[in-house]
Amino acid sequence: MELEVRHLRALCAIADAGSLHKAARQLGVSQPSLTTQLQRIERALDGELFLRERTGCRPTPFGREVLGRARPLLAEMAALVAEARARSQGRRLRIGSTASRALPGWLRRLHHRLPDTETTLVVDVSANALLRMTAAGQLDVAFVHEVEGSPLTVPAGLQVRVLMEREPQFVSMSRSHPAARRPVVDLHDFAGDRWTVDPSVDGEWDGLRRVLAGAGLDPPVLHTDYHTAASLIVSGEAVAPCQPTSLPREDMAIRPLRGDPLAVRLLLATLPGAHAEVYADLCAAYREAALRTAPYRAWLRRTGNPLPAAA
């Protein structure tokens, strides 16, 4: 058997995930199929690449050597594909993003900077899915958030820049909620409330559960999409974490949490050398969105935390 790019990608996925089960899910194949493929690769290379353990698998010394050669090859292949597609299809910028209030301002700036470039946008709740699409050459850039305590799996070959190291997550509630009368709220203000989260958002449920447990709280949690969540919040049936850039509504209050126990890291991932100018425009768009919302402006003044700069 001759080694192919897909074989190298599978090896990197196994190493990054730490288990065949997780790697198979990320690659969209069955675990038995991935196990068989790994065995064929090991036979072709005449050496064991991973140690199978009860808690997962880890590279052998020989496996680490192979991975060290495979990752640069994958990066070069991804860059080659991206460059070839750009030349054959004309100037095009394919953006992926998790939900963000910075998107309209970002697109507006990119259209001004790159008037002859066709810009497309894919919004997905799964940051990991967007990163995989970027690594596969289906997207040029991906703007994603990483829930604190739930690290994303960044595929080999991507360059990642940090936009915000720690963006606080606020709480949205009904205007009639007693806590809405205060400028800053505490987790225990919601001891009698139900929370709602979208379980398809990578890390959101795990992050919220970890923070609530740390505060000694175990409230009922509703798993819903964002649109349903908004209706539940307005009616007083639930509260939810939300981005600090969320725009105000007459029927909903948004308040920062004391101590900022919930947070995410904002990241921009690109293929090597792809569209370096998009980072500066994203920084400016995020600053614009942040300063547009009074609760976030007040939080920034109170904490002295800086907004991202393009430099």
Keeping all protein chains in place, calculate the accessible area per residue for the chain (probe 1.4 angstrom), answer in Å². 50
Any trypsin sites (Lys or Arg not before Pro) in the range 150-257 that lie in a DSSP loop and have at most 15 other Cβ atoms within 10 Å would be R175, R194
In whole angstrom, the spacing between the Cα centers of the range 276-311 and the range 1-54 equals 41
Calculating percent of Cα pairs over 26 Å apart from this structure picks out, from [x] 60; [y] 53; [z] 50, entry [y]
Cleavage-rule hits, trypsin sites (Lys or Arg not before Pro), the range 27-131, DSSP coil, Cβ neighbours within 10 Å at most 16: R54, R91
When the helices in the chain are scored as -39500 (n - 2.57) per DSSP H run of 4 or longer and the sum is shared across all residues, what 222 nm value do you end up with, to the nearest 500 deg cm²/dmol? -13000 deg cm²/dmol
Within the range 214-302, report the GluC sites (Glu not before Pro) that DSSP leaves as loop and that have at most 10 other Cβ atoms within 10 Å. E250
Nitroxide proxy distance, nm - points 7 Å out along Cα→Cβ at T153 and E76: 2.6
Lys and Arg at +1, Asp and Glu at -1: neighbours of P199 with Cβ under 14 Å from its Cβ sum to -4
In what sequence, largest accessible area first, do T245, T224 appear using a 1.4 Å probe? T224, T245
How large a share of the accessible area of the chain, in percent, is made up of carbon and sulfur atoms when the probe is 1.4 Å and the other protein chains stay in place? 52
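The values are calculated or read from the model by the stated rules, or taken from the named source; none is laboratory data. Here the structure is a predicted model, which is why all the values come from computation and not from measurement. Backbone-built Cβ (ideal geometry, glycine too); neighbour counts: all protein chains shown. Protein only, heavy atoms only, side chains kept; ligands, DNA and RNA dropped before computing areas. Shrake-Rupley method; radii C 1.70, N 1.55, O 1.52, S 1.80 Å.
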